[in-house]
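Take a look at the structure set out below.
The values are calculated or read from the model by the stated rules, or taken from the named source; none is laboratory data. What you are looking at is a predicted structure, and each value in this text was computed from that prediction instead of being measured. Neighbour counts run over all protein chains shown; Cβ positions are idealised from the backbone, glycine included. The area values use the complete protein model at the heavy-atom level, side chains included, leaving out ligands, DNA and RNA. Shrake-Rupley method; radii C 1.70, N 1.55, O 1.52, S 1.80 Å.
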Amino acid sequence: MQKAFSIPLFLLFIIVATSCGNRDTANESCGNILRYAKLLRIENHNGYKVAKVLNPKDSTVVDATYILVGKDNNVPENLPKGTLLRTPIDNAVVFSSVFAGPLDELGKIDVVKGVVDACYFKQPEISAGLKSGAVADLGPASGPSLEKITAQQPQAIFLSIYDGMDVKNIDKCGVPVIRMTDNFETDPLARAEWIRLFGILTDTEAKADSIFKEVEKSYTELKQAASAYKSKPSVLVENMYQGVWYLPGGASYQARIIEDAGGKYIWADDKSAGSLNLSYEEVLAKAHNADIWLLKLFGTDLDKKTLLGMDNRYANFRAVEHGGVYYSDTKKTQLFEEFPYHPELLLNDYILVFHPEAEGKMRYFNKMKP
């Protein structure tokens, strides 16, 4: 995480950012207004904004450029190259329940008119919309209906990008695809700062900025508090899915949250920000003595018998026999919807897991029953 600005430099940052609107040159920019995000740039220009999504493997490469012009404004002349979006948007397709979280918090959940993997959306407004037909069920993420997407006539598609993903078919819909690579950020606050893009797109910029400032404050305070604990348990996460153990890379923001909570992520020496696809044997060799094992499950109240019923080889991990397994039932909790843009909530849970002497109540995780 980047260190906080000193007070004089912070004041200078505010002066520069707020003075941008007073410039008259159409293409003059104040530069990037974001502080933490490395894969997103947002620039204020006279009469429009520019949002640039950068390549996760090479941040000098721009994967997508969006020119954001208010609907009540005339489109300026001599705009830079990019996808034009008139804001605020009021009709969007969302490919992940993760993105419904910030839209809901900003009071703009009604923007969502179509969803993929509908069963994972928990917002009451979306559930009601799916029943009434106000929100379209566009099918599974593995094979969404392009015909239904086109029929919705959305202004934008929020799409989470992952390694090796091919978006050519989705691009054929003729709808602007907002390439969300926030999951490749290496700093929890960097990913959380992407809420400011949602704010600009939905004309709730001030609210988004306020939310992020509170997140930043809370996260920084919790991280500082965690540094006072002497214990530093080793940590394993996730479990196998169809024979593959998917783990966050050592340079990922998820690994960073573990570190900030005072844990030792076993793959911390890995340099990737994406996902590691490992075999059971590879994980066992490196993590069999892990103190803590954190799992995310869906619709499962976990005890030892249930865990070993998934794969009896899990008994080979020390955490199973020594009470170090903690799980989150993501069917009951809002973990996936909240923590990407509220990492302070997950950080607090991790602190409570890693340091039993800490006081508080966990929001997402429970200790596995015997």
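Worth pointing out:
- Packing here is the average count of other Cβ atoms within 10 Å per residue, and on that basis the peptides 62-74, 329-341, highest first, run 329-341, 62-74.
- Take each peptide in 77-86, 319-328, 119-128, 93-102, count the other Cβ atoms within 10 Å of every residue, and average; sorted highest first, the result is 93-102, 319-328, 119-128, 77-86.
- Ordering of 38-47, 235-244 by packing [mean C-beta count within 10 Å, highest first]: 38-47, 235-244
- Given (1) 1.04; (2) 0.98; (3) 1.29, the label whose value is Cα Rg over 2.2 N^0.38 Å derived from this model: (1)
- Ligands, DNA and RNA left out, the 1.4 Å accessible surface of the chain is 50% carbon and sulfur atoms.
- Cross-link table Lys148/Lys172; Lys264/Lys331; Lys38/Lys264; Lys57/Lys286; Lys57/Lys223; Lys71/Lys108, entries beyond 21 Å C-alpha to C-alpha: Lys264/Lys331; Lys38/Lys264; Lys57/Lys286; Lys57/Lys223
- Legend: helices of the chain (whole DSSP H runs) are marked when their alpha-carbon atoms reach 30 angstrom or more along the helix axis and their mean Kyte-Doolittle hydropathy is at least -1.0; marked are 205-226.
- A Stokes-Einstein calculation at 10 °C with viscosity 1.306 mPa s, built on the Kirkwood radius of the range 216-354 over Cα pairs, returns a diffusion coefficient of 103 µm²/s.
- Cut-off under 5 Å, modelled amide H: who pairs with Leu40 long-range: Leu54
- Span from the the range 54-116 Cα centroid across to the the range 171-191 one, whole angstrom: 10 Å
- Per residue, the range 136-283 exposes an accessible area of 45 Å² to a 1.4 Å probe, with every protein chain left in place.
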